[in-house]
1. Exactly one of (1) in contact (Cβ under 8 Å) with a residue 24 or more places away in the chain; (2) at negative phi; (3) surrounded by fewer than 17 Cβ atoms within 10 Å (Cβ to Cβ) is unmet by GLU22. Its number?
2. I'd like the full set of residues that are touching a Cys at 6+ places or on another chain (Cβ under 9 Å) and among the β-branched types (Val, Ile, Thr), limited to the range 157-196.
3. Can you tell me which of (1) of a type in the set (S, T, N, Q); (2) without any contact (Cβ under 8 Å) to a residue 40 or more places away in the chain; (3) in contact with an Asp or Glu (Cβ under 7 Å, 6 or more places away or on another chain) is the one GLN39 doesn't meet?
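Computed from the coordinates by the stated procedures, all read-outs in this text should not be read as laboratory data. Only a predicted model underlies this, so the values are computations on that prediction, with no experimental measurement involved. Cβ coordinates were reconstructed from backbone atoms using ideal geometry, including for glycine residues, and neighbour counts include every protein chain displayed.
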Amino acid sequence: MDFQQSVTKENLARAYAAECQEGARYQFLAQKAQQEGYQYIMTYVRSLAKNEMSHAKLFFNKISELGGQDVQNIEIKAGYPFRTGELVDIFKIEAENERMSGESIYPKFADIARDEGFKDVADLFDKVAKVEITHKNILTNFYQGLKKGTLYKCKTGVHSFKCDECGTIVEGKSAPKTCPLCNNGQGYFRIDFSII
């Protein structure tokens with residue numbers, strides 16, 4: 001099928017726009033986490049933003065590769081979430097967005113690309129879908145840890161908590177409220193999702 005006439009072209013453009021929006025929303029989420037004292041979460045969420053922008057670039061490059069100079073403007077119609085709220089609620093919302101991308105939207109786009117003869121695009125959608133499921137799991141863990149108050153507490157036994165600022169490691173059932181070396185708050189300690 002001719003790329004210019006394909007649904008795949010529009011799906012790539014929709015995916016590009018969605019990934020750009022997710023990258024921006026994660027930057028906003030990182031700022032909110034930092035404002036609330038969750039330095040490590042801020043760093044983690046910024047890495048998710050970087051991942052989303054990397055996906056956007058992959059989709060952009062694929063459009064350029066397949067469409068060449070003929071792609072001037074792609075009209076798309078799509079909905080994009082503009083929901084806000086408390087930090088914990090935003091994690092739940094974004095986890096659901098990632099779930100939909102990874103389990104529904106990108107697999108559907110991959111099937112369409114395959115049907116239209118764009119195997120490499122289908123593979124790209126499949127690979128990005130797997131990353132989106134990983135993002136969903138991370139965001140769900142943040143949500144559950146914040147919601148239950150277990151973000152910095154072990155389920156059982158003793159665990160090591162590392163300050164992301166100075167590197168101090170503290171053993172205990174929970175991360176200290178402040179680092180004993182640099183005095184930064186609990187939000188600077190690394191989170192091991194197996195403990196929450």
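1. (3)
2. Within the range 157-196, THR168, ILE169, VAL170, ILE195, ILE196 qualify.
3. The one condition GLN39 does not meet is (2).
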